[in-house]
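In what follows, a structure is listed as structure tokens, so that the remarks can point back to it.
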Amino acid sequence: MRQVLGAAKRLFGRNKPEDVYERGLKAYERGQHKSAFDLWLAAARDGHAEAQYRIGRLYDLGEGVLRNAVDAVGWYVQAAEQGNRDAQVRLAEMYYYGSGGAKGAIPSDAVLEMLFPNGLKIEQNYEEALRWARAAAEQGAVVAQAMLGYMYASGFGITPDYQEAEIWYRRAAEQGSAPAQLGLGTLLAGGYGGAPDPETAHGWFQKAAEQGNAMAWYYLGSQYTAGLGVEQDSEKAMECYRKAAEAGTAAAQRALGMLYARGVGVPRSIEQAETWLRKAAVQGDAEAMILLGELHSRGDGVQPNLFEAAIWYRGPPNSATAAPSTSLPRCI
């Protein structure tokens, strides 16, 4: 590494860090990732915050260098401490979710340990995640504001604070963040931190749904089904559930299957019910598994098949969910 730094300084040391950074940017845009790395490294060592972030990103993605999360974090921290919002956001993400592993290039754990004794994995650290998310959020980073809202709402690793969650969700939601609009709607609909306000929640769900947020379509469907914040409307519920279900949302697929099974908002169709319940069940939705088991044990619109029913009551072998139930409720 010292030899690389020395060569970089000899090649680029006479130039201003900003000029070297710009040359690195052009090299990167041409797909010359190794050249970009060398240029940005020189600028980064001279304290250029954006170059430090870019070096971290190259290590993060494995572009021009071997992927290494530890080195990525090291450079992100240097950039973040100078106020680089992008680095702060990425640090928050890496510490919140954890990050690890080189992809593909190294044959064994033994070789990994020999080459990288400090490791390539970043362990979850909610305290650090909160620190960097707040730093970026206070600088106006919308994605960090939404993340901060989620952290305070969910309480993973920190004490839940619904007032703080609403503040940060609202800031991001008003700037058009669909995840924040969904989160704010969820807080308002559930009355977290105050009285439930399903009407206002509906407006935020609608905004998120119009941006293609599948879970927002599901929540809209739930509101139309129950008449919460809107007039009860089974046909609109069906439309909303379908949009979410077609995007792969298991809860919406299950809800759609139930509406077909009951003939609510649509002509009754056990075939369609079975199709949508199965889609949800193979994603691990426990309620959908129970409903499928009930469908096949009763033979309601299909041939009774106790073997098939038993499979779904226990949970299919390839599902992420263990046996969903030991009873045989009549759910449809």
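Values in this text are rule-based calculations from the coordinates and carry no lab data. This one's a predicted model, so the numbers in the text were calculated from it and none came from an experiment. All Cβ positions, even for glycine, are placed from backbone atoms using ideal geometry, and neighbour counts span all protein chains on display.
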**Item:** Ascending count of other beta-carbon atoms within 10 Å, so fewest first, for 224, 313
**Value:** 313, 224
**Prompt:** By how many nm would the segment from residue 97 to residue 298 lengthen if fully extended, with 0.36 nm per residue of separation less the alpha-carbon distance?
**Reply:** 68.0 nm
**Complete:** Given 185-195, 239-249, 143-153, the highest-first ranking by average Cβ count within 10 Å works out to 143-153, 239-249, 185-195
**Item:** Net length gained if the chain between residue 231 and residue 16 were fully extended (0.36 nm per residue, minus Cα distance)
**Value:** 71.0 nm
**Prompt:** When 97, 59 are ordered from fewest to most other Cβ atoms inside 10 Å of their Cβ, what list results?
**Reply:** 97, 59
**Fill in**
Between the modelled labels at residue 271 and residue 81 (7 Å from Cα along Cα→Cβ) the distance in nm is 6.6 nm
**Complete:** In Å³ per residue, the alpha-carbon convex hull of region 140-191 encloses 63 Å³
